[in-house]
4 protein chains.
Amino acid sequence: MIDIAIVGAPGYAGAEITRLVAGHPKFRPVILTSAAAAGRRVGDVYPSLAPYVDAVYVEFDAAVIASRCKVAFLAVPHTAALEIAPVLLEAHMTVIDASADFRLKDPTVYEQWYGVAHTQHDLLAEAVYGLPELDRSTLPGARLVACPGCYPTAALLAAAPALGSGIARADRVIVDAKSGVSGAGRTPGPGTHFPAVNESLAPYKVTSHRHTPEIEQGLSLVSGVETRVVFTPHLVPMTRGLLATVYLDLAEAISDADAVALYRERYRGEPFVTVHEAGRMPTTLEVRGSNRAHIGIVVDQRAGVLIVACAIDNLVKGAAGQAIQCANIVLGIEETAGLDVPVPVV
Amino acid sequence: MIDIAIVGAPGYAGAEITRLVAGHPKFRPVILTSAAAAGRRVGDVYPSLAPYVDAVYVEFDAAVIASRCKVAFLAVPHTAALEIAPVLLEAHMTVIDASADFRLKDPTVYEQWYGVAHTQHDLLAEAVYGLPELDRSTLPGARLVACPGCYPTAALLAAAPALGSGIARADRVIVDAKSGVSGAGRTPGPGTHFPAVNESLAPYKVTSHRHTPEIEQGLSLVSGVETRVVFTPHLVPMTRGLLATVYLDLAEAISDADAVALYRERYRGEPFVTVHEAGRMPTTLEVRGSNRAHIGIVVDQRAGVLIVACAIDNLVKGAAGQAIQCANIVLGIEETAGLDVPVPVV
Amino acid sequence: MIDIAIVGAPGYAGAEITRLVAGHPKFRPVILTSAAAAGRRVGDVYPSLAPYVDAVYVEFDAAVIASRCKVAFLAVPHTAALEIAPVLLEAHMTVIDASADFRLKDPTVYEQWYGVAHTQHDLLAEAVYGLPELDRSTLPGARLVACPGCYPTAALLAAAPALGSGIARADRVIVDAKSGVSGAGRTPGPGTHFPAVNESLAPYKVTSHRHTPEIEQGLSLVSGVETRVVFTPHLVPMTRGLLATVYLDLAEAISDADAVALYRERYRGEPFVTVHEAGRMPTTLEVRGSNRAHIGIVVDQRAGVLIVACAIDNLVKGAAGQAIQCANIVLGIEETAGLDVPVPVV
Amino acid sequence: MIDIAIVGAPGYAGAEITRLVAGHPKFRPVILTSAAAAGRRVGDVYPSLAPYVDAVYVEFDAAVIASRCKVAFLAVPHTAALEIAPVLLEAHMTVIDASADFRLKDPTVYEQWYGVAHTQHDLLAEAVYGLPELDRSTLPGARLVACPGCYPTAALLAAAPALGSGIARADRVIVDAKSGVSGAGRTPGPGTHFPAVNESLAPYKVTSHRHTPEIEQGLSLVSGVETRVVFTPHLVPMTRGLLATVYLDLAEAISDADAVALYRERYRGEPFVTVHEAGRMPTTLEVRGSNRAHIGIVVDQRAGVLIVACAIDNLVKGAAGQAIQCANIVLGIEETAGLDVPVPVV
């Protein structure tokens, strides 16, 4: 068994990492840290975890973590990982970072969108972007993995095959995305108060969401062209689930069937990606609780636009599950270990 | 008081028309027809209407209706209005049609999207499209009003000022729309079953939804250019509410403030339209139960795209409320009569 | 028009009072106070109110209120009304208090359940309990009305006819109640965070909820017997609605039809109460947004238990609507003024 | 691996059995039957199952099932199991019946509540009631298991320790229960239509629900006294989850702590039952997707009433999970096999 530390454990991403680690055949949750919840039992905060995790949240202490654990998952706010990752790496740990701190390769872009200086340029250069379906070759043996954001995961999986193959133009992509409320985290606020969310669908942070440059970075890399992304996230009255509806200008006409075939070829052998038959669109419900990404494709022949929808569970493939998937690859474990459990049908 | 008939009364659109007629200072619900519910009390089907409507659903009988009512609202499936409208018009009634039968001016387009022949070309030519904010001048005294669909209402209100003014290019518009489940009507089915909808966000009828040509017709009229609409509706786990997020290619750069000013100028004096300050986006919750349309605008300066979101209640401004609004104008009543009641804050 | 002040206006109860006052034929909202929101426009906090209330929240100032308004609605936390009510009454205003401060006639019971001393014994003695369906005779001309809590409203309406008539034993009553989340107010917290509430049904404050003694006081008054209430509130994943399921031990056998007849006789002429036919139970949906209480009755003949369910909208009949209803009676206005508007059917 | 047949596979109970069998270390889903869905791929009906179950629904054929499978789960409507069970037992299969047909030991009670004759008296006598926490001793080697209904599971787990120990009187028990909509099954209808359920809490089948005699049978057995149950189920706007709030008359005073201790002693060693500390009540969310039952206890000292709430997932511990748990015991497999996976935290 590999001993695991989870830093920032009581947030939703951290708690889902805890859940998946607890059910993982090779991982064991050993240290769970939290400043706010230190001293509380995990099972008191999350009664559903009580039978599986007999532990108490503790304050973060790098020396203790390094002495007892081999791998650390970071589920902390941005800037916190800039402090924590170097210390743990110094102590020869593997760091799987679910925060935003090492996702954007250009530190000036990070500073522009996050409003703070990036203080770890060397580690930023070393960090591996953890979206295995785009490129898993750099993951084995990596010391520091930057797991993608939830929106970029869905947007990149939806757009990459079309842009990588050249069937669609890469200069501008429209991503209209919709997320459940758990994406906003576990801290209550006016925007996540039940009566304010229920029966309310709302765009937010239009043109200013911090996942925008991350999607642009990924698509530019795939296409070889500087890609401009118009990104509009919406909050949806549901707990989990994220769906990105992506609009791509076709470079030339293509049939629905050929588009599906191209995507299926691109994702052949991927354990967590399903490309639906032509015309069938995915729902967030069908991936709820799972690490899967389901993709649906329709070509608007009249307008020359490829419409691709990708559904994921924002807390699993969009956060905790992806972190586990990356850790599995990094450590040379079966990629699907701990992630391949059928989920409730509704 | 003006005596009103509601044909197809127990569906959601019909029931909301019934509700609004019951609360209207000048209207009185006299005949409510339904084949399926004939013989049942209105208050048994909808207990909330019991104190206000002491009536029994009856079979449709044009002669009876014409003898007792002056105005008929049609809340029937498409093709049914093709049969009903001529008969009632023949009997000198005013017909406010909430169905799709008289919305598309070109009968071949109707036949192409609805799969049936249009049998009333003369009436189609006479029918007035009932979106007062685009053009209320043709409504006073009209005999037959074709009330817009719910999606076209939101999409047209969102896009018309930009296309009409020429600040955006009209050849292609992307409409990513999201609707609550009541938009699917009152008849249960696998797609509206609570456990199938809850926690599920899903695109549907992508490129094939019948509101597509209606949006194209409206935008082409406004812009003077043949407009191609890429239209992707999504089903959202909420009862009411519809939000259209519209992406328009700017013809030239414009600031957020100028775009807002242009929209406010366009909708100056409109009793039911609010254009939010720059950057503020509408939510479906804030218009729930009301006849209002709330519009938010953000310019993506980097991509040269104008993003406009319009939120309405699909059953009110998207159906029953709009029908009442049209009837008020047709009959020379105060346009806001029966529609200007503050709605619950959550 | 009667000029109205609303103290504590931006909370849900205050906002709903604002909404109902804005739609009332005789009332005009003139001063809306809030410490937290002072300086903000009403329409910025609640966009749905923007077209109807052109006002800014201000700090509470008794002199200003008294100089400009005739009636004040208090929608403040308990203990605040102990401070505010005397000052406004001193200035000859009518005070309709939606807080808990003047509901419990015995100040020692107040102190026991609320944990603070009651400082206004004289006003407490003078205050009229505002549940018109139990006794509206004391309301006309009252200076200070204590509006009931949401749970007591439903529980008392459900149990009073059976206890008042003697068909059920009054010594012990079981009230199993369920409420939507808006009952917890507008302040976000861990217990009202969307992901924590959605898909979660939970009992809370079992045996310790502060509405317990209020229900006991009301039922003891009705029955003439000291009534012990076992009260279990539950939080339900919905915004609005409250349903109390009350279990009463029958003193003697009674048929469903006779029980219904007895309730209908008791509530004959009540403008806001419906007693359903035998066997039909109410739903919270059918009273959503309205000031109505719908009651359903089933006799468990095998066990000798009368089961009565009462559904209300917790923010209307359970708070704001009831306050308006009381004000109407106090001021000699038509009791249903501003409250008798048909509500959306779903 | 043990080859499994699932009869009535596409309903929610059947689909959840399919899911759990697919994730079970010793079971393999081999034949899935359905009259309505015969010929459709499992993965088309439930996309989330597609990666795990590569099968097509087939018509029921006892001979084929018996030739290929050792165990059959029946997820069929009542009366269907009366036909199917004998045939499969005749063919030496083990039958785990999730239907109601073999739950009520007295065939006249079955006939009284289900309105049809019970045609299998011998098998009824042989069938073992499958609630392991009450009595697992009769399960090993059983041929026919009658799995409890969802409501009885929660009600019996909540009430049995108090009645079995004699701390509460057994002659009459009040069970106020609340269930998510998936309990109504997968067939759409007016009562499960999203807009009719959302924001709606409603009692249904009051005093007439068929789970009533099953709860009475279980409690009478535990207490040795003929128990009368007042049972009021409510439908709640959520997909999953069931909570039974049980009111028991205490025979003598007991502290919260002692009541908790008694329950913990009664359920000591139970792998799927948690009794919360005194005063902490369970939520349906904390058991969502799991086979666990969480119990909370509060004593109303003033009224002498023990209030016990039990939360389960109606489709897991209330249906599919319990069936797997029973099968594990019957077959001598680890009782928790396939059921002990941590579930999502929200």
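A Cα-only calculation for region A:151-312 places Rg and Dmax at 15.7, 47 Å. Distance from the axis that maps chain C onto chain B is least for the Cβ of the chain C residue given, with the whole Å value, as C:VAL341, 3.
Please report the antiparallel percentage of the DSSP beta bridges confined to the protein assembly as shown, to the nearest 5.
So the antiparallel bridges in the protein assembly as shown amount to around 45 percent.
Distance between the C-alpha centres of region D:206-284 and region B:22-41: 47 Å, rounded to the whole angstrom.
Between C:GLU277 and A:ASP256, take the C-beta separation as r, use R0 = 56 Å, and let me know the FRET efficiency to the nearest 0.05. Once rounded, the FRET efficiency stands at 0.55. Contact order for region D:151-312, expressed relative to its length and based on alpha carbon pairs under 8 Å spaced 6+ residues apart, stands at 30 percent.
Count, for each residue of C:106-116, the Cβ atoms from other chains sitting within 10 Å of its Cβ, then give me the mean as a whole number.
Neighbouring Cβ atoms belonging to other protein chains average 0 per residue here.
The shape of chain B can be summarised by an equivalent ellipsoid whose semi-axes, obtained from the alpha carbon gyration tensor, come to 32, 21, 20 Å from longest to shortest. Spin-label model, A:ILE2 to B:ASP171: label points 7 Å out along the Cα-to-beta-carbon direction sit 5.3 nm apart. Here the peptides B:114-120, C:52-58, A:293-299 are ranked by packing, the mean other Cβ count within 10 Å, and the order with the highest first is A:293-299, C:52-58, B:114-120. Taking amide hydrogens as placed 1.01 Å from N in the peptide plane, the amide H of A:ALA55 sits under 5 Å from those of A:VAL42, A:GLY43, each at least 5 positions away in sequence or on another chain.
Between chain B and chain D, the total buried accessible area stands at approximately 1400 Å², from heavy atoms with a 1.4 Å probe.
Sum up the charges of everything whose Cβ sits under 9 Å from the Cβ of B:PRO132, counting Lys and Arg as +1 and Asp and Glu as -1, but leave B:PRO132 out. Taking every other residue near B:PRO132 into account, the sum is -3.
Entry note, region A:82-163: relative contact order of 34 percent, from Cα contacts under 8 Å with a spacing of 6+ residues.
Restricting to bridges with both residues inside chain C, how much of the DSSP beta-bridge set is antiparallel, in percent to the nearest 5? Of those bridges, close to 45 percent are antiparallel. Take A:GLY185, push a point 7 Å out from Cα through the beta-carbon direction, and compare it with the same point in every other copy: 2.4, 4.6, 4.6 nm, smallest first.
Counting, for every residue in C:44-51, the Cβ atoms of other protein chains within 10 Å of its Cβ and taking the mean gives 6. For A:VAL128, the residues whose modelled amide H falls within less than 5 Å of its own, excluding neighbours fewer than 5 places apart on the same chain, are A:LEU144, A:VAL145, A:ALA146. How much net charge surrounds B:GLY180 when only the other residues with a Cβ under 11 Å from the Cβ of B:GLY180 are counted, with Lys and Arg +1 and Asp and Glu -1? Its environment carries a net charge of +1. Sorted largest first by accessible area at a 1.4 angstrom probe radius, with every protein chain in place, the residues D:CYS310, B:CYS150 fall in the order B:CYS150, D:CYS310. Stokes-Einstein diffusion of region A:36-189 at 25 °C, 0.890 mPa s viscosity, Kirkwood radius from Cα pairs, rounded to a whole number: 137 µm²/s.
Placing pseudo-labels 7 Å out from each Cα toward the beta carbon at B:GLU59 and C:SER67 gives an inter-label distance of 7.1 nm. Packing, as the average of other Cβ atoms within 10 Å across residues, places the peptides A:162-169, C:83-90 in the order A:162-169, C:83-90, highest first.
Close amide H contacts of C:VAL305 (hydrogens built in the peptide plane, cut-off under 5 Å, sequence separation of 5 or more or a different chain): C:LEU250, C:ASP300. When only Cα pairs below 8 angstrom with a gap of at least 6 residues are kept, chain D shows a relative contact order of 17 percent. Each peptide in D:12-20, B:243-251 was scored by the mean count of other Cβ atoms within 10 Å over its residues; highest first, the order is D:12-20, B:243-251. Label-point spacing for B:ARG143 across the identical copies (point 7 Å from Cα in the Cβ direction), in nm and ascending order: 6.8, 7.9, 8.4. Along region A:68-80 the Karplus relation, 6.51 cos²θ - 1.76 cosθ + 1.60 evaluated at θ = phi - 60°, assigns HN-Hα couplings of 10, 10, 9, 10, 10, 9, 9, 10, 10, x, 4, 6, 5 Hz to successive residues, with x for each Gly and Pro. Scalar couplings 3J(HN,Hα) for region D:31-43, obtained by applying the Karplus form with A = 6.51, B = -1.76, C = 1.60 to θ = phi - 60°, are 10, 10, 10, 6, 6, 6, 9, 3, x, 8, 6, 4, x Hz; x denotes Gly and Pro. Rounded to the nearest 20, the Cβ-based charge dipole of chain B about its Cα centre (Lys and Arg +1, Asp and Glu -1) stands at 580 debye. So what's the gap between the Cα centers of region D:72-113 and region C:74-104, to the nearest angstrom? With region D:72-113 and region C:74-104 each reduced to a Cα centre, they are spaced 63 Å. Per-residue Karplus couplings for region A:120-126, computed as 6.51 cos²θ - 1.76 cosθ + 1.60 with θ equal to phi - 60°, are listed in order as 10, 5, 5, 5, 4, 5, 7 Hz, Gly and Pro entered as x.
Helix B:12-22 versus the longest principal axis of chain B: what is the Cα-based angle in degrees, 0 to 90, to the nearest 10? Roughly 70 degrees between the two axes. The charge dipole of the protein assembly as shown, taken about its Cα centre with unit charges on the Cβ atoms of Lys, Arg (+1), Asp and Glu (-1) only, comes to about 0 debye.
Each copy carries a label point for D:ARG280 at 7 Å from Cα toward Cβ; from one copy, the others' points are 4.3, 4.4, 4.5 nm away, ordered from shortest. In plain terms, the bigger the Kirkwood radius, the slower the diffusion; for the protein assembly as shown, with that radius from Cα pairs, at 25 °C and 0.890 mPa s, Stokes-Einstein puts D at 75 µm²/s. What region A:151-312 shows is 27 Å² of accessible area per residue, with the surface traced by a 1.4 Å probe over protein heavy atoms. Heavy-atom accessible area with a 1.4 Å probe sorts D:SER182, C:SER255, largest first, into C:SER255, D:SER182. Using a probe of 1.4 Å on the protein chains alone, the accessible area found for B:TRP113 is around 40 Å².
Can you give the % of DSSP beta bridges in region C:21-174 that are antiparallel, to the nearest 5?
Around 10 percent antiparallel, to the nearest 5.
Rounded to the nearest 0.05, the FRET efficiency derived from the C-beta distance between B:ALA117 and A:VAL225 at R0 = 56 Å is 0.70. Cβ-Cβ distance of A:SER137 and A:VAL109, R₀ of 25 Å, FRET efficiency by 1/(1 + (r/R0)^6): the value works out to about 0.55.
For peptide B:306-312, the mean count of partner chain Cβ atoms within 10 Å of a residue's Cβ comes to 3.
So, with a 1.4 angstrom probe, what is the percent of accessible area on region A:151-312 that is carbon and sulfur? Here it works out to 49 percent.
The values are calculated or read from the model by the stated rules, or taken from the named source; none is laboratory data. For clarity, every value in this text was computed on a predicted model and none was experimentally measured. Cβ: placed from backbone, ideal geometry, glycine included. Neighbour counts: every protein chain shown. Calculation scope for accessible area: heavy atoms of the full protein, side chains included, ligands and nucleic acids excluded. Shrake-Rupley method; radii C 1.70, N 1.55, O 1.52, S 1.80 Å.
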